[in-house]
Amino acid sequence: MKILVADDDPQILRALRITLRARGYEVLTATDGAEALDLAAAHRPDLYLVDLGMPRLDGVGLIHALRGWTQAPVLVVSGRAGSDDKVEALDAGADDYVTKPFNLDELLARLRALGRRSAAPDDEAPVVAFGGVTVDLAARVVTRAGVGPVHLTPTEWQVLEMLVRNPGRLVTRQTILSEIWGTHHVTSSGYLRLYLSQLRKKLEPEPGAPRYLLTEQGMGYRFAPDG
């Protein structure tokens, strides 16, 4: 797998280049967003690691530019820990977000998760419909009436899939967190609130008053199908 790492910190670039190459990845590096965009066009990486605070073209601008022609996964690795920064990056098209200083094992786990592409379609997998939204669990495609295909990040898809495969049932925060992020993150509920917020913006008729992706206060989330 070919990975492009874009970061203006030379120490981080060097450390990631050594670490990723040692694990069999082909690594390209860029010190600013404009250079990263040039490398992306020339080499077509399979995955991107992107810092937000870069010169010439910042991380959000780079993600917007990439999303004009590629759907390769983008993992943001940034020192900006505020939820507004995370939401802005995810809205731009990033697939996941890791805050500096990061745990290397966690970063590698996120990369592996993003690198796994869709499994072979399962003809028995159902199609779930609600509120003008259709979720094809076999093709891993979400469409919305009047909008067409809806782009979900890999993590957003995992959260949605867990909920729609358990209609009407409470899925606890701990279950979702441990399944997606691992057992070390069962208390990291901020991740989950962020992704549920993003899913509601993309799928709910009124994101501020959700009808289908419901919060069970203090416990978890529940998918409420039509009828």
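The values are calculated or read from the model by the stated rules, or taken from the named source; none is laboratory data. What you see is a predicted model, and the numbers here were worked out from it, not measured in a lab. Please note: Cβ atoms are built from the backbone with ideal geometry, for glycine as well, and neighbour counts cover all protein chains shown.
Descriptive notes on the structure:
- When L16, L4 are screened for being out of contact with any Ser or Thr (no Cβ under 7 Å at 6 or more places or on another chain), in a strand (DSSP E or B) and closer than 18 Å to S78 by Cβ, only L4 passes.
Residue by residue, here is whether (1) under 13 Å from the mean Cα position of the chain (by Cα); (2) among the acidic types (D, E); (3) in the same structural domain as A36 (by TED's automatic domain parsing) holds:
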| site | (1), (2), (3) |
| --- | --- |
| L75 | yes, no, yes |
| D85 | no, yes, yes |
| G93 | yes, no, yes |
| N103 | no, no, yes |
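- Extreme residue, farthest from D95 (Cα to Cα), among residues of the range 158-179 that are under 17 Å from the mean Cα position of the chain (by Cα) and surrounded by 19 or more Cβ atoms within 10 Å (Cβ to Cβ): L163
- Scanning the range 97-111 for residues that are under 13 Å from T155 (Cβ atoms) and surrounded by fewer than 18 Cβ atoms within 10 Å (Cβ to Cβ) yields V98, A109.
- Restricting the range 195-227 to residues that are small (G, A, S) and surrounded by 13 or more Cβ atoms within 10 Å (Cβ to Cβ) leaves a set whose member that is nearest to V135 (Cα to Cα) is A224.
- On inspection, D51 does not qualify as modelled with pLDDT under 90 and crowded, with 18+ Cβ neighbours inside 10 Å.
- Cross-chain or 6+ apart pairs with Cβ under 6 Å, the range 197-214 first and more than 16 Å from A145 (Cα to Cα), then of a type in the set (D, E, K, R) and assigned to a loop (DSSP other than H, G, I, E, B): P210/E204
- Test: residue in the range 191-198 that is under 20 Å from V127 (Cβ atoms), at pLDDT 90 or above and either outside the structural domain of V87 (by TED's automatic domain parsing) or touching an Asp or Glu at 6+ places or on another chain (Cβ under 8 Å) (or both): no
- Pairs, first on the phi < 0 side of the Ramachandran plot and buried (at least 22 other Cβ atoms within 10 Å of the Cβ) in the range 77-96, second among the aromatic types (F, W, Y) and in a loop (DSSP other than H, G, I, E, B), C-beta under 8 Å, six or more apart: V77/F102
- Among the residues here, R67 qualifies as within 19 Å of L152 (Cβ to Cβ), among the basic types (K, R) and surrounded by fewer than 19 Cβ atoms within 10 Å (Cβ to Cβ).
- Unique residue being modelled with pLDDT under 90 and touching a Gly at 6+ places or on another chain (Cβ under 6 Å) when the list is L177, L137, L170: L170
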